[in-house]
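**Student:** Structure below; questions to follow.
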Amino acid sequence: MLEVGSLRTEYLENPLGVDAASPRLGWKVYSSETNVMQTAYHVQASGTKDFNDLIWDTGRVESDHSQVILYAGPPLESLQRVYWRVKVWDNHGEESIFSECAFFEIGLLHASDWRAWWIEPEKEVQIDAYKPAPYIRKEFIVRKGLVRARACLTAKGLYSFYLNGAEGTDHLFTPGFTSYHERLQYQIYDVTRLLQEGANALGIILGDGWWRGSTGGASLKNNFGYKLAFLGQLMLQYEDGTIEWVCSDGTFKTSYGPLLKSDMKAGDLYDARIDMEGWNQPGYDDSSWEQVQAAKDELTGLIATRSVPVRQKETFSPTVLHTPNGETVLDFGQNIAGWVDMRVCGEAGTDVVLIHGETLDKDGNFTLQNLAHHGPLEDFQEVRYILKGKGIEHYRPRFSIFGFRYVLVKKHPGIVKAEDFTAVAIYSDMEQTGEFTCSNPLINQLVSNSRWSQKSNFMEVPTDCPTRERAGWTGDAQVFCKTAANFMNVHSFYEKWLADLASEQFSNGSVGSTVPTVIGYHNKEEWERFSKQNKDPMMAIRRPEPGTASMLDGSSGWGDAAVIIPWTLYLCYGDQTILEKQFDSAKAWVDYMAVSARKANERFKDSPAYQNYTDGELDADYIWDTSFHWGEWLEADSEFNDLVAAMSKSQGCHPDVATAYFAYSTRLLAEMASVLGKLKIAEEYQRRYEKIKRVYNAYFVQDNGHILDDRQAPNVRTLAFGLADTAKRQAVADRLAEMVVAQKHHLNTGFLSTPFILHVLADHGYPEIAYRLLEQTSDPSWLYAVSHGATTIWESWRGIKPDGELTGSLNHYSYGAVCDFLFTGIAGIRPQWKTPGFKHFTIKPLVGGTLTHASATYESPYGVIQSGWLKTERGVTYDFGIPANSRATVMLPGKQVDIKRVSAEFPDVRYEDGHIIFAAGSGKYTIAL
Ligand code: RAM
C-alpha cells in the first residue's frame, strides 16, 4: 500500500509563526512494495481543515521530489493559517489517498503588524550586580465567542509567561539566542485554551539570559544591553470575525518577586518567603506594583523563530553519596546540561544550596576544579533556595542551566533523599535520527557519550561546553556538524545559527571564532566602560570594539564553518536553499582567506615560496601564513587549552593548517557555485583551488609522504581534503599509518582532524589500523575516556588522567565527531553530493576489528535507512534497508565469484576493487557472502 506522511513545513511539524514567503514543504512516502519511487505528487492548501476553501492546488505534478517543495500559492498574510495535504503516485502505478492534513501559520510579516510597545520594567539597574527578575502583569477582558487566540512575544533577555496562572508554553529560554541587535526572534503561541470569558491575566517573568547575564569563558555581563525589555501582543479573534489586541504598553505593571538572581551560568537565588501568590491570576491586588516604562524603540530586526524549541527532555534519579570529606553529593549517573527539580520541606528562612559539577576528584569528593580554567570559581552553577516553610515546596530554575552529573548538596534542612531530586536534561528539541550499535559495548557507550555531548551543547546555539564557556565556537560546530546530523535532525538548528554567523561576519569577510560573539561586546556603552576599567594587557585582543574582529577571530578551521556547515547540510538534507542563503557569507570568508594569503609574513620572506613565481604570480600569495590561528588544537601531545601557548607557538601562525583550509573551502565554494548555477564563479574558484593545491603540494607535502610538520594531523587533513597530488597520496597515507603504528596504535590528532582520521586510514588501505585506533582503550584514545566511566565526550584526551588528575571540561563534543565513521564507515551509509539528501546514496559497510556485528539506522529525508552486518561461521551477512523514493549504490566487500550470489536479484552487479557493486531500490535486503 502506498501512503504519504511526516508532513513538515520549514522542517518543523505544524509550526506557528513562519515568515518565509514560500515555505518549504516536505513529506515521506511509505510503501509495502519494493523499488518504489514517487512519480508524481498533488499538493492542496486550504484556509480550512475540510479543504473546501482551496488557496493552492498543484494538480498532478510529475516529479519524484518529496522534499523542499516551495509553497507557490497566493501571497500569505500575517497570522494566516494554511492547511495542506498531499497525495502521491508511484512507479508501480499506485496512487495514495491524501495524507492527513498538516498546517502552518504565518508570523508577523511587517513591522506595522506590531501594535505593542517595548516595555521596560526596571527604572535603574546596578550594572555589576546580579539582578532580580522583574515580574510583569496585565489584566484584560475576553468577550464571549473567542475562537482563536495567539500570543506573539519576545524580550531583550529571556521571558516566560503565564495566562491565568498556567504556564503559557513548554518552550524554554525564549526568545532564544541570536545576534540580538540584528536579529531578534519572537514566538507565536496558540493560547486559545488558556483564556476564559471575562477577566484574564497575563503574567511575565524576565531573566538576564544571554542579553545581560554571564556569557563566554570570562563570564562577561551586559553583552547586549543593560536593561531587560518585553514586547508582546495577544490577538483575540471572535466568532463574529472581530479581532482585539492586548498589547504591551505603559499600562502593564511590574514588581520584583522571589527570583532575586537568575544568571544562566552563576545560577539562582530564590527567596520563597517573598510570596506573590496569585500574581499571575486575575483579581490580584497589584496596587503596590509599579507602572512599566513604554520605550519608543525601533521594531526592526524582529524575526520569526527559525529553529526547534528548547524543552525539558530526559529525567534522571540520583543515588545519594556521602563522600570522604563528609559532604552529601547526588550522582545522576549521566553528565547532562539541564537543572534539578527538587522537593523540600523545612522551616521558613532555611537554605537549600545545590552546586552542580561534572565529576568527583581522585579522592571521590565533589569538585569544580576541572572547570576553573579562567581563575577561581565563585558563583558558578549554584542554586540557593530559601524556604517559605509551609509544607512541601518545589523548585526548579527557569533561566539558568548547568552542565553536571553530580550535585553537591551544600545546605539542606533535612535528610537528603534521592526521591526528592530529579535531574532534567534540557536542549533544543531536535528529532533523533541515527542509532548505531555493535558488538563492542565500549563503542556503544562512545555513541551514547557523543550523543549526550550533542544534547548538552545544542541548546539554541552549538556550544563548546555547557559549563565553562557555553560559547558558539565556530570550529567546534564545524567539526561536529556531520556527526550531529547523523544523530539528530539539525537542519533548522544550524540554519538559524548560520544566519547569525553571516550577520556577525566582519566587513572584510572574516568570521568570528564565536557566534554570536562572546569574545567581543555587542553593547558599545559597556565596551567603553569595560575598556576604561580593565587594565588587562590582553584587552585589545580579547575585547575588540563592537563590530570589529578580535585577533582571536578569523582563524582557519573556525571561520570555515561559514562554508563547511552549509555544504554539510546540503549533503545531508539536499536543500539548495541553505546554499543560496549562505553563499555570500561563504564566498566572503573564502575571499578573506585569499586576501590574507596574499599578505606577506616578514618572518618567511627568505623562504623559497617568497622567491618562486608560477604563471607570473608569487607562490607565497597562495600560502596563508599570516594572522592568528588556533591550529589543530588540543592534539594529544600538546599543552591543554593554553591560549598563551597557542599564541606564542609561531605567534599563532600555522601555514600548513591555514593553507589546507584555504584550499578546501575554496573547492567547496566552487562546488556550491556550480550547484547554484553560478558557473563563472565555480570556474574561477576551482582554478584558484587548483593553484592553492599545487602550492600546498610544492611546499608542504614531501615525496616520502612527510608533511612539513611530520605529525598525524597534517597527513589526515591532506588526505581528507583531497589535497595530495595523486603521485604522493599513498605515501601520505603510508606515513600516517606508520606514525600511528609507531605510537602503538594511538592517535595524536586534535579538534580539526579527529573527525577524519579513521576515514582516511580506511579509505587508503588501512582499515585494520583504523579499527585498532577506534578500539584502543589506553590513553590517548576515544575508549580511554569510556573505560574511565565517561558519559560524555571530554575536551582533552586526558580529561581524567590515569592518576586521577582532571583537565578541562568533560562535555565537549569535538572528539565525538569520530562517530561519523561509525555511520558512514562501519555501517557505510554515505550521502552522495550529486544526489544529496540521501536521494541516491551509498551503502559501503566495513567489516573489521574485533566486531562481530554492527548496525546503524538513519532517519533520512526519505525515511529510515538501515545497514548492518553480522559475522557468521561462513562469512558475513549484510542486511540493509532503503526507504521509498530513494535508491542506493551498494558496495559490499567481496570477491569476483560473489557476483553469482546476488545477480538474480540485482542483475547490474559488477565487481571492482574488492567490492561487489549494485544499485538497489527501496526495500529490505539480506545478503550472505
Ligand atoms: C576553547 C573552547 C573551544 C575551542 C577554543 C579554541 O577555550 O572551549 O572548544 O574551540 O577554545
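The values are calculated or read from the model by the stated rules, or taken from the named source; none is laboratory data. The structure displayed is predicted, hence computed values, not measured ones. No Cβ is skipped: glycine too gets one built from the backbone with ideal geometry, and neighbour counts run over all protein chains shown. Just so you know, the surface numbers come from the protein's heavy atoms only, side chains and all, with ligands and any DNA or RNA stripped out. Shrake-Rupley method; radii C 1.70, N 1.55, O 1.52, S 1.80 Å.
**Student:** With the cut-off at 1.5 for a/c, could you classify the stretch 489-639 from its C-alpha gyration tensor as rounded, prolate or oblate?
**Tutor:** Verdict is oblate for the stretch 489-639.
**Student:** Same structure, new question: Got a sec to turn the phi values of the stretch 691-696 into Karplus ³J(HN,Hα) couplings, 6.51 cos²θ - 1.76 cosθ + 1.60 with θ = phi - 60°, whole Hz, x for Gly and Pro?
**Tutor:** My calculation for the stretch 691-696 gives 5, 4, 4, 4, 5, 4 Hz in order.
**Student:** Moving on to the next point. Considering only Cα-Cα distances, which of the following residue pairs are longer than 25 Å: Lys410/Lys801; Lys265/Lys496; Lys678/Lys834; Lys313/Lys390?
**Tutor:** Beyond 25 Å between Cα atoms: Lys410/Lys801; Lys313/Lys390.
**Student:** If you average the C-alpha positions of the stretch 672-719 and of the stretch 311-331 separately, how far apart do those two centres end up, in angstrom?
**Tutor:** Each part reduced to its Cα centre gives a spacing of 50 Å.
**Student:** At 7 Å along the Cα-to-beta-carbon direction for both Gln369 and His915, put a label point, then send me their distance in nm to one decimal.
**Tutor:** Between Gln369 and His915, the label points sit 5.0 nm apart.
**Student:** Here's another thing I want to ask about it. Quote the FRET efficiency, to the nearest 0.05, computed for Trp833 versus Glu602 with a Förster distance R0 of 30 Å and r equal to the Cβ-Cβ distance.
**Tutor:** Efficiency computed from Cβ-Cβ geometry: 0.15.
**Student:** Rounded, prolate or oblate: pick one for the stretch 300-357, where a ≥ b ≥ c are the square roots of the eigenvalues of its C-alpha gyration tensor, a/c under 1.5 means rounded, and failing that, prolate if a/b is larger than b/c, else oblate.
**Tutor:** Because a/c hits 1.5 or more and a/b exceeds b/c, the stretch 300-357 counts as prolate.
**Student:** GluC sites (Glu not before Pro), restricted to the stretch 773-821: which are DSSP loop and have at most 13 other Cβ atoms within 10 Å?
**Tutor:** Answer by residue number: Glu805.
**Student:** Taking the Cβ of Leu25 as the center, what net charge do the other residues with Cβ under 11 Å away carry, scoring Lys and Arg +1 and Asp and Glu -1?
**Tutor:** Residues close to Leu25 contribute a combined charge of +2.
**Student:** How large is the dipole of the chain about the Cα centre if only Lys and Arg carry +1 and Asp and Glu carry -1, each at its Cβ, rounded to the nearest 20 debye?
**Tutor:** Charge dipole of the chain: 460 debye, to the nearest 20.
**Student:** Something else about it: If you count the DSSP beta bridges with both ends in the chain, what percent of them are antiparallel, to the nearest 5?
**Tutor:** 90
**Student:** Of the listed peptides 187-194, 168-175, what is their order by residue-averaged count of other C-beta atoms within 10 Å, with the highest listed first?
**Tutor:** 168-175, 187-194
**Student:** Cross-link candidates for Lys680: which aspartates and glutamates have Cα within less than 13 Å, leaving aside residues fewer than 8 places away along the same chain?
**Tutor:** Output for Lys680: Glu671.
**Student:** State, to one decimal in nm, how far the label point of Asp341 lies from the label point of Arg60, with both points 7 Å from Cα in the Cβ direction.
**Tutor:** For Asp341 paired with Arg60, the spin-label model returns 5.2 nm.
**Student:** Could you rank the peptides 256-267, 887-898, 489-500 by their average count of other C-beta atoms within 10 Å per residue, with the highest value first?
**Tutor:** Going from most to least packed, we get 489-500, 256-267, 887-898.
**Student:** Would you mind computing Rg(Cα) / (2.2 N^0.38 Å) for the stretch 653-706, counting N as its residues?
**Tutor:** Taking the Cα Rg and dividing by 2.2 N^0.38 Å, one obtains 1.26.
**Student:** Which one, His171, Tyr71, Leu54, projects farthest toward the positive side of the charge dipole computed for the stretch 39-194 from Cβ point charges (K/R +1, D/E -1)?
**Tutor:** His171
**Student:** Something else now. With a sphere of radius 10 Å drawn around the Cβ of Ser627, what net charge do the other residues whose Cβ falls strictly inside it have (Lys, Arg +1; Asp, Glu -1)?
**Tutor:** -1
**Student:** Related question: Using 23 Å as the Cα-Cα cut-off, could you pick out the over-long pairs in Lys605/Lys691; Lys49/Lys581; Lys839/Lys895; Lys227/Lys261?
**Tutor:** Lys49/Lys581; Lys839/Lys895
**Student:** With charges only on Cβ, +1 for K and R and -1 for D and E, what is the dipole size of the stretch 199-263 about its Cα centre, in debye, rounded to 20?
**Tutor:** Here the size comes out at about 560 debye.
**Student:** Could you work out the local net charge near Ile141, counting Lys and Arg as +1, Asp and Glu as -1, over the other residues with Cβ closer than 10 Å to its Cβ?
**Tutor:** -2
**Student:** Here is a further query. In 20 Å bins starting at 0, how do the alpha-carbon pair distances of the chain split up by percent?
**Tutor:** Result, from short to long distances: 13, 44, 35, 7, 0 percent.
**Student:** Which shape class applies to the stretch 252-348: rounded if a/c is under 1.5, otherwise prolate when a/b exceeds b/c and oblate if not, where a ≥ b ≥ c are the square roots of the Cα gyration tensor eigenvalues?
**Tutor:** oblate
**Student:** Report, by chain and number, residues whose modeled amide H sits under 5 Å from the one on Ala295, excluding near sequence neighbours (fewer than 5 apart, same chain).
**Tutor:** Residues meeting the criterion, in which the H sits 1.01 Å from N, are Trp118, Ile119, Glu120.
**Student:** From Cα pairs below 8 angstrom and at least 6 apart in sequence, can you work out the relative contact order of the chain, rounded to a whole percent?
**Tutor:** Computed value for the chain: 10 percent relative contact order.
**Student:** Counting only protein heavy atoms, what percent of the accessible surface of the chain is carbon or sulfur at a 1.4 Å probe?
**Tutor:** 49
**Student:** So what is the relative contact order for the stretch 8-141, in percent, with contacts set as C-alpha pairs under 8 Å and at least six apart?
**Tutor:** Computed value for the stretch 8-141: 26 percent relative contact order.
**Student:** Something else now. Evaluate E = 1/(1 + (r/R0)^6) for Lys411 and Lys362, where r is the Cβ-Cβ distance and R0 equals 30 Å; express this FRET efficiency to the nearest 0.05.
**Tutor:** Working from the Cβ atoms, E equals 0.70.
**Student:** Could you tell me how far the Cα centroid of the stretch 165-226 sits from the Cα centroid of the stretch 731-808, in Å?
**Tutor:** When both Cα centres are located, 42 Å separates them.
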